[in-house]
Each structure stands twice: as C-alpha cells, then as structure tokens.
Amino acid sequence: MPAEFTDYFTAEKQEALLFMVVGVLAILITAWMIKTSSRFRAAGFPLVAIAAIQITVGSTVYFRTDAQVGELTSLYEKDVTSFQSEEIPRMQVVIDNFVLYRWIEIALLFAGTILVVLLRKNPRWLAVGLGLTLQSAIMLGLDYFAEARAAEYMQFILGLA
C-alpha cells in the first residue's frame, strides 16, 4: 500500500488512542475533584460528558481500524477503481462530519467562555464553564488535525488512476 494510505490509518489509530487517554484523564480528574471536595468539582459535568464521547469515538475508531485497513488493502490490490468508488463517498461523509463537529465544538467553546466571563462569581457555573471550555478546546484541536489528515487522504484517493 502507498505511504499515504498507511500514514493516514496509522495516524487515525494514534489519535483515537489519544482521544481515549484524554477521556480517561478527564474522568480521573473529575473523581479527584469530587474526592477532594474541590470547589471546581462542577467542572466534572462537562468533563465527563465529553469524556464519554471521547472514549466511545476513540475506542470505535481504534478497534475497527485494523479490519478496515485489511478490507481496503484487499480492495486496493484487486481494483484501484473499486477502491476509489468505495473510499471517496466514505471519506466525503467523514469530511462533511468534521465541518459539523467543528461548529458544535466552537459553539460549546463559546458557551463555556460565556459561562466563565458572565458567571465567574458563581463557583459552580465558573467550574462548568472552565470544564466545557477545556474539553471543547481539546476536541476542536484534535479534530483540526484529523480533518486535515482526512483532506490529505482524500486528495490521495482522488489522485489515483
């Protein structure tokens, strides 16, 4: 397989693992804040909610990638045109989804920032805003790199002939 193919799926697996690690860390931080009765323990609401998404998406991508690579490798080796016919629509959906995710993450980042700025005198809402801002910023950053990788991979697929 060409390097563009293997590089894309290797990076996808690595980032999926990173998603899971960030999710687990968010849960551990929340548990620590609850145990120590931190005044910021309300940050745990958005930390854990988004951690559930991170762990679910990360584990789904991580554990399905090897089988997906195997199937796509076989298809590529048999018929590059069939490979393109299957991968182009799939990757278009992936790229379109990243646009949606970006807007959701920006909205959540904005909401978290608004909570921090407008309700900073209320410790509970300040904590919720901080947790939401942190997790949204992490997701936005990770998805930025994933979207860029997807676009590069799509260019590779389109360039096959």
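The values are calculated or read from the model by the stated rules, or taken from the named source; none is laboratory data. Only a predicted model underlies this, so the values are computations on that prediction, with no experimental measurement involved. Here Cβ is always computed from backbone atoms with ideal geometry, including for glycine, and neighbour counts include all displayed protein chains. Side chains are part of the model used for accessible areas, which takes the heavy atoms of the whole protein and leaves out ligands, DNA and RNA. Shrake-Rupley method; radii C 1.70, N 1.55, O 1.52, S 1.80 Å.
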Straight-line reach check, K13, cutoff 29 Å on alpha carbons, 8 or more apart in-chain or any other chain, hits among lysines -> K78
Net charge near Y62 (other residues with Cβ under 13 Å of its Cβ; Lys, Arg +1; Asp, Glu -1) is -1
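Which percent of the accessible heavy-atom area of the chain goes to carbon and sulfur, probe 1.4 angstrom?
69
Report the extension gain between L160 and V24 in nm, rounded to one decimal, defined as 0.36 nm multiplied by the number of residues separating them, less their alpha carbon distance.
45.0 nm
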Plugging the Cβ-Cβ distance of Q14 and E71 into 1/(1 + (r/R0)^6) at R0 = 25 Å yields, to the nearest 0.05, a FRET efficiency of 0.80
Trypsin sites (Lys or Arg not before Pro) in region 1-63 lying in a DSSP loop, each with at most 16 other Cβ atoms within 10 Å of its Cβ, come to R39
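Per residue, how much accessible surface does the chain expose to a 1.4 Å probe? Answer in Å², no decimals. Can you show the working numbers first?
On the way: 9320 Å² over 161 residues.
Spelled out: the 1.4 Å probe surface of the chain, per residue, equals 58 Å².
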For the chain, longest principal axis from Cα atoms; helix 3-35 axis from its Cα atoms; angle between them, nearest 10 degrees, is 20
If each K or R counts +1 and each D or E counts -1, the residues other than L140 whose Cβ falls under 12 Å of its Cβ total -2
Rg from C-alpha atoms of the chain, normalised by the globular rule of thumb 2.2 N^0.38 Å, equals 1.26
Across the alpha-carbon set of region 1-66, Rg over Rh with Rh taken as the Kirkwood radius works out to 1.19
With only helices counted (DSSP H, runs n ≥ 4, each -39500 (n - 2.57)), the per-residue ellipticity at 222 nm for the chain, to the nearest 500, works out to -33000 deg cm²/dmol
